[in-house]
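Working notes, structure below.
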Amino acid sequence: MSRTRNGPTTARGARRAEQRVRADYTGGVYGSMLAASVVIGAGELGSFPRTQLVLLLLLTGVVFWIAHVHAQLFGARLAQQTPDRRVVLTVCRDEWPIVKAAVPPAAAVAVSPLLGLDVRGALWLALSVAVAGQVGWSVAAARRAGASRRLVATTASVNLLLGLLIISFKIVLTH
């Protein structure tokens, strides 16, 4: 097998390179920030606060996923051609990380009673999980794209800073 400066020139190497290019975790980073924002904006919850927050996180993720799919399909693509079934399914799959990013914070809220947390503790746990997810998605994206360690650390730091900014909003707004 011959090698180039960028790696093997085999079909497998080409597929890996294509996967790195196609690996877009923007939706995951965005979905994690969205989940953190939902937790902050949850405000007064009713008689079943944990259930309501779990549903709010998941349903908000789904609604934003639909909005992103719609924007992708009916924005620039529609001007070029009417999307077919394959294009619709591809866009749905590509935007799915927005929904996936809401699952860990929702799961954190769901298991919070097992950890002995009250509702306020569940909110903080969900917020922490969302910020950790935001950092994790950005690191995964950078690593999958073949970024240098320095760039991976930079993207992790920027996303952690953004997450801490969201947390500071919660602190300021609730005190």
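Ordered by packing density, taken as the mean number of other Cβ atoms within 10 Å over each peptide's residues, highest first, how do 48-58, 102-112 rank?
Ranked from most to least packed, the peptides come out as 102-112, 48-58.
Grab the Cα-Cα distance for A67 and R144, subtract it from 0.36 nm times how many residues apart they are, and report the gain in nm with one decimal.
25.1 nm
May I ask you to compute the full-extension gain from I171 to V111, defined as 0.36 nm times their residue separation minus their alpha-carbon distance, rounded to one decimal in nm?
Full extension of this stretch gives 19.3 nm more.
Once both labels are modelled 7 Å past Cα along the beta-carbon direction, what's the V158-Q81 spacing in nm?
In this crude spin-label approximation the distance works out to 3.4 nm.
Indicate the gyration tensor shape class of the range 24-174 (rounded, prolate or oblate), computed on the Cα atoms with a ≥ b ≥ c the square roots of the eigenvalues: a/c under 1.5 is rounded; otherwise a/b larger than b/c is prolate and the rest oblate.
It is oblate, given that a/c is not under 1.5 and a/b is not larger than b/c.
Among T26, T60, which comes first, then next, by fewest other beta-carbon atoms within 10 Å?
T26, T60
7 Å from Cα along Cα→Cβ at both F74 and S128: what's the point-to-point distance in nm?
Calculated label separation equals 4.1 nm.
FYI, it's all coordinate maths here, none of it is from the lab. Predicted model, so just to flag it, every value in this text is computed and none were measured. As a convention, Cβ positions derive from the backbone with ideal geometry for all residues, glycine included, and neighbour counts pool all protein chains shown.
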